[in-house]
Amino acid sequence: MLITSYNHPAFGDTLIAITGPDTEDQTTQQKGDIVAILNDQGQVIGYNFLKVSQWLGTINAKGQVKLTEDQVSQLNAAIQQAGLPGKLEVDDKPKFVIGKIVDFKAHPDADHLHVAQVDIGDKQVQIVCGAPNAALGQTVVVALPGAMMPDGKIIWPGSLRGVASYGMISSARELAIPGAPQRRGILVMPDHLAAGTPFNAKEAAAVVADQAK
């Protein structure tokens with residue numbers, strides 16, 4: 001899994017490659033202009049590539065950047081040459097997709113949470129949801145593990161009150177849809193959309209506008 005952020009104003013000519021969630025105890029290993037970040041179990045959860053233009057040239061983008069296979073190969077060669085652990089992998093699967101809630105039950109240990117089974121096309125995943133308007137049968141937008149939200153938050157597998165949760169059922173506000181209501185509640189999409197369809201922001205904006213009428 002590879003999430004990248006490039007040329008952040010606070011860092012300049014730096015590529016941040018994130019491959020896993022933060023942990024409380026982290027360590028770093030630096031060789032030249034590459035910093036490997038390891039979690040408390042010694043697994044690589046990211047890299048900082050300082051002066052990244054020396055490997056990739058100038059990338060005219062800010063925020064999240066999708067790297068090509070060739071760019072990832074160049075960075076992996078640099079990691080290997082530096083003698084640092086791990087490597088980057090290309091992950092080009094959509095991280096925001098249409099899902100169908102096919103099962104919906106109360107959380108066993110929290111009155112305000114529910115446990116949803118969500119069909120995302122190629123498989124069914126379990127997501128813990130606290131939205132007051134969530135219900136069985138809805139067509140929703142799912143942010144899968146590895147998704148970077150508009151506010152910079154990255155979605156990882158986890159658990160809520162002891163129940164595993166794989167991703168997040170998203171609201172229009174979380175997706176930064178123009179005109180999104182500023183109240184709690186997931187974005188409910190039209191039922192004709194197939195499970196696994198990549199999320200379309202323009203389509204979502206039209207739904208939000210229609211619901212506001």
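The values are calculated or read from the model by the stated rules, or taken from the named source; none is laboratory data. Predicted model, so just to flag it, every value in this text is computed and none were measured. We place every Cβ from the backbone using ideal geometry, glycine too, and count neighbours over all the protein chains shown. The accessibility values were calculated without ligands, DNA or RNA, using every heavy atom of the protein model including side chains. Shrake-Rupley method; radii C 1.70, N 1.55, O 1.52, S 1.80 Å.
State all residues of segment 187-202 that are over 12 Å from Gly99 (Cα atoms) and under 17 Å from the mean Cα position of the chain (by Cα); if no residue qualifies, say none. Explain how you work it out, then say what you get.
Of the residues in segment 187-202, the ones over 12 Å from Gly99 (Cα atoms) are 200-202.
Across segment 187-202, the qualifying residues are Asn200, Ala201.
Leu175 - would you say it is within 17 Å of the chain's Cα centre (by Cα) and at pLDDT 95 or above? If you could, list the steps in order and put the result at the bottom.
Details: within 17 Å of the chain's Cα centre (by Cα): yes; at pLDDT 95 or above: yes.
Taking the combined requirement at face value, the residue satisfies it.
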Scan of segment 177-213 for residues that are outside any loop (DSSP other than H, G, I, E, B) and closer than 22 Å to Gly137 by Cβ, ordered by number: Val188, Met189, Pro198, Glu203, Ala204, Ala206, Val207, Val208, Asp210, Gln211
Given the conditions (1) modelled with pLDDT of 95 or more; (2) out of contact with any Phe, Trp or Tyr (no Cβ under 9 Å at 6 or more places or on another chain), and given that Asp25 satisfies all but one, which numbered condition is not satisfied? (1)
Pairs, please: C-beta under 6 Å, at least 6 apart or cross-chain, first residue in contact (Cβ under 8 Å) with a residue 60 or more places away in the chain and in segment 200-213, second aromatic (Phe, Trp, Tyr)? none
Would you please list the contacts, defined by Cβ atoms under 8 Å and residues six or more apart or on different chains, that run from a residue in segment 92-112 that is surrounded by 13 or more Cβ atoms within 10 Å (Cβ to Cβ) to a residue that is among the aromatic types (Phe, Trp, Tyr)? Pro94/Phe199; Phe96/Phe199; Val97/Phe199; Ile98/Phe199
So if I check each of Val128, Val115, which one is in contact with a Pro (Cβ under 9 Å, 6 or more places away or on another chain) and among the aliphatic types (A, V, I, L, M)? Val115
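In segment 132-144, which residues are crowded, with 17+ Cβ neighbours inside 10 Å and part of a loop (DSSP other than H, G, I, E, B)? Let's see the steps before the verdict.
Step one: filter segment 132-144 for residues crowded, with 17+ Cβ neighbours inside 10 Å, giving 134, 138-144.
Matches in segment 132-144: Ala134, Gln138, Leu144.
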Residue that is least open to solvent (accessible area, probe 1.4 Å), among those in segment 113-131 that are among the charged types (D, E, K, R) and modelled with pLDDT of 95 or more: Asp119
Does segment 164-208 hold any residues that are among the β-branched types (Val, Ile, Thr) and either farther than 15 Å from Ala134 by Cβ or in contact with a helix residue (DSSP H, G or I) (Cβ under 9 Å, 6 or more places away or on another chain) (or both), and which are they? Ile177, Val188, Thr197, Val207, Val208
